[in-house]
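**Student:** Shown below is the structure under consideration.
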Amino acid sequence: MSIDVYLNGEFLPVEEAKISVTDRGFLFGDGVYEVIPVYGGHLFQLQHHLQRLHNSLRGIGMVSPHTDDEWKQILMRLTAQLGDSDQALYLQVTRGCTDVRDHAWPQDIEPTIYARTKILKTPTIEEKRRGIHAITLDDPRWEHCSIKAITLLANVMARHEAADAGAQEAILIRDGAATEGAASNLFIVKEKLLITPPKSDSLLPGITREIVLELAKQHGIPYAEASISADDLQSADEIWMSSSTKEILPVLKLNGQRVGNGAAGKIWEEMTLLYESCKDRLRKGEQL
Ligand code: PDD
């Protein structure tokens, strides 16, 4: 049995990892999480993930139970268990256990800290090039989507509706604007301009989104952080979805209609190569 879990100070195999039924994460979805990709045993953009974790914790009235150095030690020790493989590291902090089931929480409560690492098999470039299908749906979520909360029922329902429609992702529309996917950020290309919605309470500030913008800046790809209307989406030359585990995927069909010329676009090809080279540099242990 491999040691793939960290739970409240212990490293143990998943079979032995148990939490209480009084945990507020279990009862209320009262907690936050991160998903951090690991390439060649190296954590990708760890500092950005920790910063977002701090922001999410602050957003739900918690303080981080660990300093960044402590987090780093815990997460590096856990990922070292799987050697220098590519991994997806899941980290979750819930408010902890309360014997009385009350929506309001008591002050003296110890958080539950859980992390699990798993081998990550990202799609090859050829697989990615085959693209995905997406549908648009009205966004029924709350107004704090920038918090990476474990309370994901609306996202789960949206992704399920997409799957029922034969698609892999749902693009959410709020007040006439496309904001993000059920579990990914949104980019479009229009007349060679790469566009993603600006950060706001309507979307999660994705770490992959941030890297894509940074790479666009470094390599002279024109980009803008601007609102994307439902019409912009329909007439886009390219649509991409980004996330830590799926990386950057081209959407080739939207609501059953072809996107652009129906193939992965030129700018997606360029960005994907840039992204791959970041991963390769990290695998060699280079600082990004
Ligand atoms: N989800 N928006 C939402 C709603 C997400 O759930 C995610 C990622 C993103 C992309 O963020 P990042 O680039 O930091 O992964 C955007 C993760 C992967 C998940 O829930 O498994």
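The values are calculated or read from the model by the stated rules, or taken from the named source; none is laboratory data. The structure displayed is predicted, hence computed values, not measured ones. Counting neighbours? That spans all protein chains shown, and the Cβs are built from the backbone with ideal geometry, glycine included. Calculation scope for accessible area: heavy atoms of the full protein, side chains included, ligands and nucleic acids excluded. Shrake-Rupley method; radii C 1.70, N 1.55, O 1.52, S 1.80 Å.
**Student:** If Gln81 meets every condition in (1) surrounded by 17 or more Cβ atoms within 10 Å (Cβ to Cβ); (2) more than 22 Å from the chain's Cα centre (by Cα) apart from one, which number is that one?
**Tutor:** Going through the list (1) surrounded by 17 or more Cβ atoms within 10 Å (Cβ to Cβ); (2) more than 22 Å from the chain's Cα centre (by Cα), Gln81 breaks only (1).
**Student:** Then there is this: If I go through segment 87-101 residue by residue, how many of them are within 13 Å of the ligand (Cβ to nearest atom), open to solvent by 10 Å² or more (accessible area, probe 1.4 Å) and more than 20 Å from Thr151 (Cβ to Cβ)?
**Tutor:** 1
**Student:** Quick test of your reading of the structure: Arg258 fulfils all but one of (1) surrounded by 14 or more Cβ atoms within 10 Å (Cβ to Cβ); (2) within 19 Å of Ile171 (Cα to Cα). Name the failing condition by number.
**Tutor:** Among (1) surrounded by 14 or more Cβ atoms within 10 Å (Cβ to Cβ); (2) within 19 Å of Ile171 (Cα to Cα), Arg258 violates only (1).
**Student:** Sticking with this structure for a sec: When you scan segment 267-286, do you find a residue that is of a type in the set (Gly, Ala, Ser) and modelled with pLDDT under 95, even just one? Steps first, please.
**Tutor:** First, pick out the residues of segment 267-286 that are of a type in the set (Gly, Ala, Ser): 277, 285.
With the extra rule that they be modelled with pLDDT under 95, the set shrinks to 285.
Yes, segment 267-286 has at least one match.
**Student:** Which is under 29 Å from Ala163 (Cα atoms) and crowded, with 17+ Cβ neighbours inside 10 Å, of Arg130, Arg141?
**Tutor:** Details: Arg130 fails: crowded, with 17+ Cβ neighbours inside 10 Å.
None of the others qualify; the one that does is Arg141.
**Student:** Consider segment 102-121. How many of its residues are touching a strand residue (DSSP E or B) at 6+ places or on another chain (Cβ under 7 Å) and open to solvent by less than 50 Å² (accessible area, probe 1.4 Å)?
**Tutor:** Start the filter on segment 102-121 by keeping residues that are touching a strand residue (DSSP E or B) at 6+ places or on another chain (Cβ under 7 Å), which leaves 111-120.
From what's left, open to solvent by less than 50 Å² (accessible area, probe 1.4 Å): 111-113, 115, 117, 120.
Within segment 102-121, residues that are touching a strand residue (DSSP E or B) at 6+ places or on another chain (Cβ under 7 Å) and open to solvent by less than 50 Å² (accessible area, probe 1.4 Å) number 6.
**Student:** Filter segment 58-96 down to the residues that are of a type in the set (Gly, Ala, Ser) and not in a loop (DSSP other than H, G, I, E, B), then identify the one that is farthest from Pro123 (Cα to Cα).
**Tutor:** Within segment 58-96, the subset of a type in the set (Gly, Ala, Ser) is 59, 61, 64, 80, 83, 85, 88, 96.
Remaining after also requiring not in a loop (DSSP other than H, G, I, E, B): 59, 80, 88.
Details: Gly59: 33, Ala80: 23, Ala88: 13 Å.
So the residue we want is Gly59.
**Student:** Does segment 15-27 hold any residues that are more than 12 Å from Val93 (Cβ to Cβ) and either polar (S, T, N, Q) or open to solvent by less than 50 Å² (accessible area, probe 1.4 Å) (or both), and which are they?
**Tutor:** Within segment 15-27, Ala17, Ser20, Thr22 meet the criteria.
**Student:** Select, from Ala134, Ala154, Ala163, Ala170, the only residue that is touching a strand residue (DSSP E or B) at 6+ places or on another chain (Cβ under 6 Å) and free of Cβ contacts under 8 Å to residues at least 60 places away in the same chain. I'd like the intermediate steps shown before the answer.
**Tutor:** Details: Ala134 fails: free of Cβ contacts under 8 Å to residues at least 60 places away in the same chain; Ala154 fails: touching a strand residue (DSSP E or B) at 6+ places or on another chain (Cβ under 6 Å); Ala163 fails: touching a strand residue (DSSP E or B) at 6+ places or on another chain (Cβ under 6 Å).
Within the list Ala134, Ala154, Ala163, Ala170, the selection yields Ala170.
**Student:** If you don't mind, there's one more thing I want to ask. In this structure, does Met76 turn out to be open to solvent by 80 Å² or more (accessible area, probe 1.4 Å) and either among the basic types (Lys, Arg) or within 15 Å of the ligand (Cβ to nearest atom) (or both)? Before you say what the answer is, go through the steps one by one.
**Tutor:** On the way: open to solvent by 80 Å² or more (accessible area, probe 1.4 Å): yes; either among the basic types (Lys, Arg) or within 15 Å of the ligand (Cβ to nearest atom) (or both): no.
So Met76 does not fit the description; no.
**Student:** How about segment 144-251: which strands (runs of 3 or more DSSP E) wholly inside it have at least 1 residues that are open to solvent by less than 30 Å² (accessible area, probe 1.4 Å), within 14 Å of the ligand (Cβ to nearest atom) and at pLDDT 95 or above? If you could, list the steps in order and put the result at the bottom.
**Tutor:** Working: elements: 169-174, 177-181, 185-190, 193-196, 223-225, 238-243.
Output list reads 169-174, 177-181, 185-190, 193-196, 238-243.
**Student:** Which ones in segment 265-288 are open to solvent by less than 20 Å² (accessible area, probe 1.4 Å) and more than 20 Å from the chain's Cα centre (by Cα)? Walk me through how you get there before you give the answer.
**Tutor:** The initial filter retains those residues of segment 265-288 that are open to solvent by less than 20 Å² (accessible area, probe 1.4 Å), namely 265, 268, 271-272, 275, 278-279, 282.
Listed by number, the list holds a single entry, Gly265.
**Student:** Taking segment 31-65 as the region of interest, how many residues are open to solvent by 40 Å² or more (accessible area, probe 1.4 Å), touching a residue at least 12 places away in the same chain (Cβ under 8 Å) and under 26 Å from Glu286 (Cα atoms)?
**Tutor:** 4
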